[in-house]
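Q: The structure that follows is given in the form of structure tokens.
Bear in mind that the values in this text are calculations on the coordinates, not laboratory data. Note that this is a predicted model, so its numbers are computed, not measured. Don't worry about glycine lacking a Cβ; one is built from the backbone with ideal geometry, like all the others, and counts go over all protein chains shown.
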């Protein structure tokens, strides 16, 4: 491989890395979406879901593309979707009583719901 091709490949890798880091920072700035993302990751780690499509339908109560669109566009998650997710996580906790991570996510979800609702009071 010549040096031009090597430089081109290195630049492509840097661009991909930069985009990935930018997306990560966006998720950190959107705590609601960050919460939903963490729930999805945990459910995948536990083997409960296989895909974002399944997560959207079974845990968010939306169409299969909902989560992907919200994630891609860095949108705020609707309050009813947050509520649905917290309720589903509560049901899941009954099956995984020893998982502290689930309990922490339930508490975080409840805090986010209270925060969101407090804006309207």
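Q: Cα convex hull of segment 52-121: how many Å³ per residue?
A: 91 Å³
Q: So if we plug the beta-carbon distance of residue 110 and residue 41 into 1/(1 + (r/R0)^6) with R0 = 22 Å, what FRET efficiency do we get, rounded to 0.05?
A: Once the sixth-power term is evaluated, E becomes 0.70.
Q: I need the calculated FRET efficiency for the pair residue 100 and residue 72, taking r as the beta carbon distance and R₀ as 30 Å, to the nearest 0.05.
A: Numbers: r = 31 Å, r/R0 = 1.03.
Calculated transfer efficiency: 0.45.
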